[in-house]
Amino acid sequence: MSTSSSHQENPEPKKVQFPLDSTAYQILDEIGFGVSAVVYKAICLPMNNTIVAIKSIDLDQSGADFDNILNETRTLSLLSHPNILSAHCSFTVDRHLWVVMPFMSAGSLQSIISSAFPDGLLEPCIAFVLRETLNAMSYLHDQGHLHRDIKAGNILIDFNGSVKVADFGVSASVYEANLSGESSIRLNDVAGTPYWMAPEVIHSNNGYGCKADVWSFGITALELAHGGPPLSNLPPSKSLLLKITKRFRFSDYENHHNKNYKSKKFSKAFKDLVGCCLDQDPNKRPTAERLLRHSFFKNCRGLDFLVKNVLLGLPSVEERFKKTRALGELMKEKGINSEDDEDEEEDDEGSSARQRAKHRRISGWNFNEDEFALDPVFRVEPQGDSAVKMVPFGGETIIQDRGGIVGVEGLLF
Amino acid sequence: MKGLFKSKPRTPADVVRQTRDLLIYAQRTPDSRESKREEKMSELCKNIREMKSILYGNSESEPVSEACAQLTQEFFKENTLRLLIMCLPKLNLEARKDATQVVANLQRQQVQSKLIASDYLEANIDLMDILIQGYGNTDMALHYGAMLRECIRHQTVARYVLESEHMKKFFDYIQLPNFDIAADAAATFKELLTRHKSTVAEFLSKNYDWFFAEYNSKLLESSNYITRRQAVKLLGDILLDRSNSAVMTRYVSSRDNLRILMNLLRESSKSIQIEAFHVFKLFAANQNKPADIVSILVANRSKLLRLFADFKIDKEDEQFEADKAQVVREIAALEPKDHS
């Protein structure tokens, strides 16, 4: 039950009941944090000091999400798949909800990349982790659930190379929406993290289906290949959701675009895989189940390859977390944060029409197979800012905090 | 061999009948030939999954209403639901979830524009006893709980549960240490007390005394943060519902209730404070305040006014501000009853 993915002989082994009492756990270190949650590394004393991760969610700070949290933890406790990080148990400690989970000692792929592979991973490693991710997605979709936030930060790795998808903080149940009368699957709440969001999610109205997870999966593939999702190479203040959807300076994009992605070579199969995930039309994107049969996953390497090529010599999750947090604080001191960004935008708003020519709204994305990147399709903005459609974005604060430094461990809401 | 002679496709009714036979088999105590049993159990799980995909469709096809109707009719023609509920603990996790979704879906299926599930449940209402007692069983609670919530969509079923002895147990279930189960029980409790307006109003008036005594002492004054927060929110939902106006009038005329709400108003948790305000405002807005309510409000006037002066919510909310202004006016204008 603890860390190794034990082989199950009995089809339904009795779930080991972890203690529902905070005194049974001893917190060792902080390994992640988010808007209203902190993730700890801890040991469970009565269970032979088994190492666990505890996500502590401040329920008092998560006002509107409260009911969601209740639903999510219930959903999570009924999921059982080797590639999904499930919870050992959850209970409340005063105003906090503690979700006790297996500790994934190598942390998230995002944190691995940013600390040791800034230019991306080797293709065979990517193939392995993507296949495991697809297994999880396929299971989830089959159960009628959406993940809604597939990205490297939510793909966790254990010391033995096993891969688990985590963070159902924003995941939703398709069945619930489906049963309310309509036959088509539609969820209109905007959720997820901007870089990874499918166009139909950003431009709302069309709802969020399984295929939006497939888009995010495609972006995640690019993230693993290049060391970051498309557009993340823009300066942080330019990379918020609103900048992506509403308008953004063409010149900025050109400046930063050409520096990156220069001479990396990727296989044809890989390019094809990403290409079909990033189809504008959700209906044309293959299902997760179908993607598993893609030629890119033929002769896929195993856990050991990942251990040897990625995990060996990696700094610990705790060390990485400390470094990232220090960096985050440094950035804050320098004033690179989202609030400044908003101010700047207001200045823009007031500025003259000559600026406006430079502001273009992206009307879509085209996947450029040769460059292995997303090219935005620009459209000259219609007159006046009011014509620009704003995405109704309830969780804007989530975005601001996630976009930057905090998605570190991916265990966050 | 089976592959050579492809059997003719099974109808939805066939799937139900086979499921039923296998459930009858599964219910019997296991005999010595375990291998055969394993095979049958896995066949059972496959059949349940098949029913699910008929009802919900799958990645290739949308559900067909004719097939759904056939399945529903066959399912309720005999005692399949009872068998399924009884056998649920013997199934593996995936089959339990499939079964739960099947049961959920069947509650909404109409056959010749009739909800036949409702008729079946009326005749087999004791099944609710099994489902509710599921909250006492860690392994089954979430499955039985989900089924239960679907069944109480039918008004007669909800009425049965409300009027049963089980209702008292919910006060304990929603405080179980296992958060998933407690949250599930709380969701069911809320559904029972909000879904069918007339039934709820009738239940609350008939059971006012014990229900609110329990509600106050076990939930609103619980030491558990989540319990208090959920309870005060639900109380607001109940009292603000037009159909419960008689109950509301009675609730806001009690000084004990006022005392409890004022304590909640003083909590350090913003969320609880806000929810408590939505109930407290009813005490203040009541145009026929009993003398003891007035005297409590007058005695605490300055404290209350100070509290409301600093009382803000993060988001702008015109309704909240308007309510607050009115409560402040009401309290400021109060005079002890004997003066008037």
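Could you tell me whether segment A:19-102 comes out rounded, prolate or oblate from its Cα gyration tensor? Rule is a ≥ b ≥ c as square roots of the eigenvalues, rounded for a/c under 1.5, then prolate if a/b exceeds b/c, otherwise oblate. Verdict is oblate for segment A:19-102.
Distance from the C-alpha centroid of segment B:169-242 to that of segment B:257-300: 19 Å, rounded to the whole angstrom.
From the alpha carbon centroid of segment A:43-57 to that of segment A:274-315 is 31 Å. With N the number of residues in segment B:33-162, Rg(Cα) / (2.2 N^0.38 Å) evaluates to 1.06. For segment A:57-142, the extents of the C-alpha atoms along the principal axes are 45, 32, 23 Å, listed from largest to smallest. Karplus-derived 3J(HN,Hα) values for segment B:86-103, using 6.51 cos²θ - 1.76 cosθ + 1.60 with θ = phi - 60°, are 5, 8, 3, x, 8, 8, 7, 4, 5, 5, 4, 5, 4, 4, 4, 5, 4, 4 Hz; glycine and proline are entered as x. Only one residue of B:Thr227, B:Ser269, B:Gln70 has its Cα farthest out toward the positive end of the dipole of chain B, where Lys and Arg carry +1 and Asp and Glu -1 on Cβ, and that residue is B:Gln70. Only Lys, Arg, Asp and Glu carry charge here, each on its Cβ (+1 for the first two, -1 for the last two); on that basis chain B has a dipole of about 180 debye about its Cα centre.
The angle between the Cα long axis of helix B:197-206 and the longest principal axis of the Cα atoms of chain B comes to about 60 degrees, rounded to the nearest 10. If only the Cβ of Lys and Arg carry +1 and only the Cβ of Asp and Glu carry -1, the dipole of segment B:94-231 around its Cα centre is close to 460 debye.
For A:Thr50, the residues whose modelled amide H falls within less than 5 Å of its own, excluding neighbours fewer than 5 places apart on the same chain, are A:Cys44. The reciprocal of the average 1/r between distinct C-alpha atoms defines the Kirkwood hydrodynamic radius, which for segment B:124-210 equals 12.9 Å. Taking amide H positions as modeled 1.01 Å from N, with prolines and chain starts lacking one, the residues under 5 Å from A:Ile84 and 5 or more places away or on another chain are A:Val165.
Legend: Rg and Dmax of chain B, from Cα coordinates, 25.7, 97 Å. The charge dipole of segment B:43-161, taken about the Cα centre with unit charges on the Cβ atoms of Lys, Arg (+1) and Asp, Glu (-1), comes to about 240 debye, rounded to the nearest 20. Output the 0 to 90 degree angle, nearest 10, between the alpha-carbon long axis of helix B:225-240 and the longest principal axis computed from the alpha carbons of chain B. Relative to chain B, helix B:225-240 is tipped by roughly 80 degrees.
Note the angle between two axes, namely the Cα long axis of helix B:255-265 and the longest principal axis of the Cα atoms of chain B, as a number of degrees from 0 to 90, rounded to the nearest 10. Roughly 80 degrees between the two axes. With a bin width of 5 angstrom, please list the P(r) values of segment B:194-296 as percents of all Cα-Cα pairs, from the 0 bin to the one holding the largest distance. In order of increasing distance, the bins hold 2, 13, 25, 25, 21, 11, 3, 0 percent. Using all Cα-Cα distances in segment B:82-140, what percent lands in each 5 angstrom bin from 0 up to the longest? So the P(r) values, bin by bin, are 4, 16, 24, 26, 17, 9, 3, 1. If you plug the beta carbon distance of B:Ala322 and B:Thr194 into 1/(1 + (r/R0)^6) with R0 = 35 Å, you get a FRET efficiency near 0.90.
For segment B:315-323, 3J(HN,Hα) computed residue by residue from phi via the Karplus equation (6.51, -1.76, 1.60; θ = phi - 60°) reads 8, 6, 9, 4, 4, 4, 5, 5, 4 Hz, glycine and proline entered as x.
Note on segment B:55-104: Cα-only Rg and Dmax are 12.1, 32 Å.
Divide by every residue of chain B the summed helix terms, -39500 (n - 2.57) for each DSSP H run of at least 4, and state the resulting mean residue ellipticity at 222 nm, rounded to the nearest 500 deg cm²/dmol. The helix contribution divided over chain B gives -21000 deg cm²/dmol.
FYI, it's all coordinate maths here, none of it is from the lab. Because the structure is a prediction, the values reported are computed rather than measured. Glycine gets a Cβ as well: all are built from the backbone with ideal geometry, and neighbour counts include every protein chain shown.
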